[in-house]
Amino acid sequence: MSRPLLMVLCAVGLSAGLAGDLHAQIVSDSARQARSAASVPSRAEVRPDTAEVDGIVVGPDDARLPGVTVTITNTATRQVLTIVTADHGRFSGSNLAPGEYDLTATLDGFLQGSARLTLGAGESRAQNFKLALATVSESVNVIGSLVKETIAVSEIRESTARDVGEALAELNGVYKIRKGAIANDIIVHGFQSRNLTVLIDGDRVYGACPNGMDPAAFHADFAEVDHLDVGKGPYDVRHEGSLGGVVNVVTRAPAQGLHASPNLAFGSSGYINPSVTASAGTAAMSVLGGFSFRTSDAYEDGSGTLYTQYANYRPDQVAGKAFTANTGWVRGFVSPGAGHSVQVAYTRQKATDVKYAYLQMDGIWDTADRASVSYEWARHSGWFHTVAARAYYTRVNHWMTDQFRTTSIGMAREYSMASQANTNTAGGSVEAVLGSISTGVEAYRRNWDISTLMAGMKYAPQYSVPDVSIDHLGAFVEHRRTLGAGTKVEVGGRVDWSRSAADASKANTGLYYAYNGTRSTSTTDAGVSAKARVTHRVGNLFELTAGVGHTERVPDPQERYYSLKRTGSDWVGSPNLRTTGNTGVTGGLSYTHRRAVVSASVYHDRLTDYITVHSQKKINAVPGIMNSAARSYANVDARMWTGELTATCPVTDSLFTSFNASYTRATKDPNPALGITSPNVAEIHPFLGTASIRYDRSAYFGEIQAVFSGKHVHVDTDLQEEPMPAYGVLNLKVGGQKRNVRVTFAVDNVLDALYVDHMSYQRDPFRLGTRVREPGRNYYVNVAYRF
């Protein structure tokens, strides 16, 4: 065994002791804070022979936390009352027999809070909890049969990440696709964003660009984010389309009292990001608002070359601004009575002059609106617990052109190609918790409309996505049960119905017929999803998990109905596409001891009718369609395997080491008749590992991290992917906190390495083929103040 590997294994074998000590200390602190809460009269009259307890659960910045599971256990009878906090973070337990009670509050991504109370007859007590954030490695939990990983905004602010996609790449098994200085797309294991469900506060948000210029997570700003959740695998039955997992951006909620969080971040290449969030309110009513401004110039890679110099930018556009983004938001909460809560929210974002060297066009402007209203009624006696209803509307408008590129020189207009893309989604859900059963209904309508103009076509409008709507209705049920002291079982199912329809007056059905032999502009899909997961505790050291799940995804409007005539090769969707199904199995083992925290997971996904890009030959002669081939989509069967390893080890009470590694291998069945000859799935990241050591004394910290990636050799030659070399990067960060001020200084790529992250760089229909180099030595400073 090599010495470096032996050192890693020794470090792994040491870990959990301090992690457990830290957990106990934070839980103890939370309990002390909870015990200090003053007793206040309840809004409802308490019966003289019973008792009542209520309270609010907040995070470390005093923002209310919805979805927290609060258990109230009678220490004498062991009777348990389980409550889930509403949107405003409040819980209430009534009709309790007088006596002594243990209370716990648990939520993924936070350390558990606990308290003990003695309640007298006719007494009403307030018991609040303030939950501390867990680290990424501590926050892996099982919820609803999902292995969900969480990264908190405090960790984001320690990194040089400039958008949510880049921040999520800190998690094991999650990767980014860099197209420019901002708006990184997300891949979980081998699943691209169209095979994931990406949500903001549980609401569906879709980008408007067919090339993924503006991925869904791009439309949330760091300053409004509380934490980011990632669930991996086909195990989510609450949301349709979660083929490879779920990403949920959870924003801050209003808090009681008066609070403000001004923040200033700045760094290399003229990056600056001032922001402020403020909230005020009482237990019955509160409001939160904020604003953020982000901008940066084009960055330099490890050779000192601007990333824009590798693309075809005009000389006066190579340097200067790479992006500007402004975001404003407001949230309001009202509690009209005990157990009732209403919350409304609105966010608007505008980004301008975003330079995507990855593509042939840039984002001249992009606006996004998100609005929602939710209601929850919580009943804390009997088998009926809660009912929640939510409605939302999201809209993205996107204007992209090549006016910054040399291809626009000498054109009749300021650009040679342009697209106006608009998309909106209106949806809602109703969910109820009935004892150990959760059930609900989800419905939404997604519309996508793109008009494309090209000089080669004399700027005649082409409806490349011809006003396509998808109407969707789905229902789910989940059940959890504990078998004995160490086994938990979770099962669930879902049924879905969808109708996809393009505007027949806009759709170029001649392209569909020429390349795919159909003129269809509508279709109906139905599907069934299911999951089962077992978690078994073996003694005090080991926990085993096993799960199986199946889910399905409806082809999106671009995959079915895109239609664009171009010089040389057309681009056309395939109305004949079938829904993609994923049957996945996973197994995991975790080891927790005073001196070690280690977890390993294996995932296998069998995909039927996986949707891949391919070159489609023309099969029917159609007047006006002169090309012999087009880029299109086809169904193939595919398989993906992923392995993950995470280990954390405290060397001393202030010194921590950690190690993460992930590897995905994905293959598909070739179909030579369709020109699909490569057995490799595109855009699959090779082996990626990180190792870090951190010294943390609460008031100050320092960390050094090494990132190393294997060679990218399993490429999709049909899409002209090419092997890429391995790379290694060294990152540093230090920081400290005094009273309400926290300062972080970070340097990524300390050795100024020149490297490219591994992805296909082949996002048609307007790919450029440029390999966007990662930033060279890149510094970052963040100053945060909270009161």
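The values are calculated or read from the model by the stated rules, or taken from the named source; none is laboratory data. Keep in mind the model is a prediction, meaning the values are calculated, not measured. Here the Cβ positions follow ideal geometry from the backbone for every residue, glycine too, while neighbour counts run over all protein chains shown. Quick note on the areas: whole protein, heavy atoms, side chains included, nothing else; ligands and nucleic acids left out. Shrake-Rupley method; radii C 1.70, N 1.55, O 1.52, S 1.80 Å.
Every residue in the stretch 91-107 that is within 13 Å of V70 (Cα to Cα) and touching a strand residue (DSSP E or B) at 6+ places or on another chain (Cβ under 6 Å), please.
Residues satisfying the conditions are F91, S92, G93, Y101, D102, L103, T104, A105, T106.
Looking at A546, A530 in this structure, which one is under 18 Å from E240 (Cα atoms), of a type in the set (G, A, S), in contact with a Lys or Arg (Cβ under 9 Å, 6 or more places away or on another chain) and at pLDDT 95 or above?
Unique residue meeting the criteria: A530.
Find the residue count for the stretch 365-401, including only residues that are open to solvent by less than 20 Å² (accessible area, probe 1.4 Å) and closer than 19 Å to T324 by Cβ.
Residues in the stretch 365-401 being open to solvent by less than 20 Å² (accessible area, probe 1.4 Å) and closer than 19 Å to T324 by Cβ: 8 in total.
Since V250 meets every condition but one in (1) within 17 Å of R370 (Cβ to Cβ); (2) open to solvent by less than 10 Å² (accessible area, probe 1.4 Å); (3) at pLDDT below 90; (4) not charged (D, E, K, R), which condition does it not meet?
Going through (1) within 17 Å of R370 (Cβ to Cβ); (2) open to solvent by less than 10 Å² (accessible area, probe 1.4 Å); (3) at pLDDT below 90; (4) not charged (D, E, K, R) one by one, V250 breaks only (2).
Only one of these is touching a residue at least 40 places away in the same chain (Cβ under 8 Å), surrounded by 16 or more Cβ atoms within 10 Å (Cβ to Cβ) and of a type in the set (S, T, N, Q): S662, S654. Name it.
Unique residue meeting the criteria: S662.
Tell me which residues, restricted to the stretch 479-497, are modelled with pLDDT of 95 or more and buried (at least 20 other Cβ atoms within 10 Å of the Cβ).
G492, R494, D496
Which strands (runs of 3 or more DSSP E) does the stretch 671-739 wholly contain that include 1 or more residues that are basic (K, R) and either over 30 Å from N516 (Cα atoms) or open to solvent by 20 Å² or more (accessible area, probe 1.4 Å) (or both)?
Per the criteria, 688-696, 727-738.
Residues are listed down the side, and each one gets a yes or a no for (1) within 24 Å of the chain's Cα centre (by Cα); (2) within 28 Å of S574 (Cα to Cα); (3) surrounded by 19 or more Cβ atoms within 10 Å (Cβ to Cβ):
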{"residue": "A502", "(1), (2), (3)": "no, yes, yes"}
{"residue": "A507", "(1), (2), (3)": "no, yes, yes"}
{"residue": "Y512", "(1), (2), (3)": "no, yes, yes"}
{"residue": "R519", "(1), (2), (3)": "no, yes, no"}
{"residue": "D525", "(1), (2), (3)": "no, yes, no"}
{"residue": "T535", "(1), (2), (3)": "no, no, yes"}
{"residue": "V538", "(1), (2), (3)": "no, no, no"}
{"residue": "F542", "(1), (2), (3)": "no, no, no"}
{"residue": "T551", "(1), (2), (3)": "yes, yes, yes"}
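How many residues are closer than 22 Å to T406 by Cα, open to solvent by 30 Å² or more (accessible area, probe 1.4 Å) and either free of Cβ contacts under 8 Å to residues at least 24 places away in the same chain or among the aliphatic types (A, V, I, L, M) (or both) if we restrict to the stretch 276-305?
Selection size over the stretch 276-305: 0.
Please list, ordered by first then second residue, the pairs with beta carbon atoms under 6 Å, 6 or more apart or interchain, first in the stretch 637-649 and under 18 Å from V174 (Cβ atoms), second of a type in the set (K, R) and in a strand (DSSP E or B).
W641/R665
Can you name the residue in the stretch 442-478 that is of a type in the set (F, W, Y) and open to solvent by less than 40 Å² (accessible area, probe 1.4 Å) and, of all such residues, is nearest to H536 (Cα to Cα)?
This residue is F476.
I684 passes all but one of (1) under 26 Å from S154 (Cα atoms); (2) touching a residue at least 24 places away in the same chain (Cβ under 8 Å); which number fails?
All conditions pass for I684, except number (1).
Return the pair list, or none, for Cβ contacts closer than 7 Å from residues in the stretch 405-430 that are in contact (Cβ under 8 Å) with a residue 12 or more places away in the chain to residues that are open to solvent by less than 20 Å² (accessible area, probe 1.4 Å) and among the basic types (K, R), at least 6 apart or on different chains.
Every condition considered, the pairs that remain are T425/R204; G427/R204.
Provide a single number: the residues in the stretch 346-359 that are closer than 30 Å to A389 by Cβ and open to solvent by less than 20 Å² (accessible area, probe 1.4 Å).
Selection size over the stretch 346-359: 2.
Residue by residue, here is whether (1) at negative phi; (2) over 14 Å from the mean Cα position of the chain (by Cα); (3) open to solvent by 10 Å² or more (accessible area, probe 1.4 Å); (4) at pLDDT 95 or above holds:
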| residue | (1), (2), (3), (4) |
| --- | --- |
| K179 | yes, yes, no, no |
| V225 | yes, no, no, no |
| L228 | yes, no, no, no |
| F266 | yes, yes, yes, yes |
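Inspect all residues belonging to the stretch 411-428 and state whether any of them is among the β-branched types (V, I, T), surrounded by 18 or more Cβ atoms within 10 Å (Cβ to Cβ) and in contact with a His (Cβ under 6 Å, 6 or more places away or on another chain).
Looking through the stretch 411-428, none of the residues is among the β-branched types (V, I, T), surrounded by 18 or more Cβ atoms within 10 Å (Cβ to Cβ) and in contact with a His (Cβ under 6 Å, 6 or more places away or on another chain).
Matching residues to (1) part of a loop (DSSP other than H, G, I, E, B); (2) touching a strand residue (DSSP E or B) at 6+ places or on another chain (Cβ under 7 Å); (3) closer than 18 Å to I704 by Cβ:
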site: V747; (1), (2), (3): no, yes, yes
site: L751; (1), (2), (3): yes, yes, yes
site: V756; (1), (2), (3): yes, yes, no
site: S760; (1), (2), (3): yes, no, no
site: D764; (1), (2), (3): yes, yes, no
site: R771; (1), (2), (3): yes, no, no
site: E774; (1), (2), (3): yes, no, no
site: Y780; (1), (2), (3): no, yes, yes
